[in-house]
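Scroll down for the structure; my scribbles are underneath it.
The values are calculated or read from the model by the stated rules, or taken from the named source; none is laboratory data. Computed from a prediction, not measured in an experiment: that's the story for all the values here. Virtual Cβ from ideal backbone geometry, glycine too; neighbours counted across all protein chains shown. For the accessible areas, the whole protein counts, side chains as well, though only heavy atoms, and no ligand, DNA or RNA atoms are used. Shrake-Rupley method; radii C 1.70, N 1.55, O 1.52, S 1.80 Å.
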Amino acid sequence: MGMTEAFLQMSSCNINIGKYEEALKNCNEALKIVEQLLSSENHALRPSLLQQKALLLQNIGIVYWHQTNYSKSLINHYASLKIREEIKDKQGIALSLNNIGIIYTELYNYPEALKKYFAALKIREEIGDKGNMAASYVNIGIIYAERGDLSEGIKFFSSALKIFEGFGDKVN
């Protein structure tokens, strides 16, 4: 488990500095370990391993997003979502839905992006994740603004602003 965590963190760092091929190598090395451990008889590790696998698939999806390989990005984000649904990780499900929404936004598939953003928002409201609720409002507002519905966009941006102000997220 420690090795998979190290590979996961290295992949995140490599994504942040634009070393996408190195990030993919890190994720694939970790996935090999995770798969070996999942095939073992140690069922106590299963939830943690699945959580780790979902994070690795998410990172792979992020790499492909940065490389504008949106089909591979979606495949990995949907695979991550499936695992998160299996282990009932609500915060992770919302994150996966948001990531999928981002890819649909990149593809100008605004109806599908909105479906994913609203689904993520609903979960975030259920679990009281205010910071990410605000991020969902911003994403939804962007879609409405891109579609030319500025008044609806402003409505969602205003909702985000209220949350951010509640956190004291403002310049003095």
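Per-residue ellipticity at 222 nm from helix content only, as computed over the chain with -39500 (n - 2.57) for each DSSP H run of at least four residues, stands at -27500 deg cm²/dmol.
Within the chain, helices built from complete DSSP H runs that reach 27 Å or longer along their own axis (Cα positions) and carry a mean Kyte-Doolittle hydropathy of -0.5 or higher are 46-66.
At q = 0.24 Å⁻¹ the log10 of I(q)/I(0) for the stretch 78-149 amounts to -1.01, computed by Debye summation with a single uniform scatterer per C-alpha, solvent ignored. Pair-distance distribution P(r) for the chain, from all Cα-Cα distances in 5 Å bins starting at 0: 2, 9, 15, 17, 18, 15, 13, 6, 3, 1, 0, 0 percent. SER158 exposes around 50 Å² of accessible area when a 1.4 Å probe is run over every protein chain in place. Note that the stretch 82-122 carries a Kirkwood radius of 10.0 Å, evaluated over its alpha carbons pair by pair. One quarter of the convex hull surface built on the alpha carbon atoms of the stretch 4-69 amounts to 4.0 nm², the projected area averaged over directions. Pairs from the list LYS53/LYS115; LYS25/LYS115; LYS19/LYS155 with a Cα-Cα gap above 30 Å: LYS25/LYS115; LYS19/LYS155. Loop-located chymotrypsin sites (Phe, Trp or Tyr not before Pro) in the stretch 124-172 (DSSP state not H, G, I, E or B) with no more than 16 neighbouring Cβ atoms inside 10 Å: PHE167. The trypsin sites (Lys or Arg not before Pro) of the stretch 83-155 meeting both criteria, a DSSP state outside H, G, I, E and B (loop) and at most 14 other C-beta atoms within 10 angstrom of the site's C-beta, are LYS88, ARG147.
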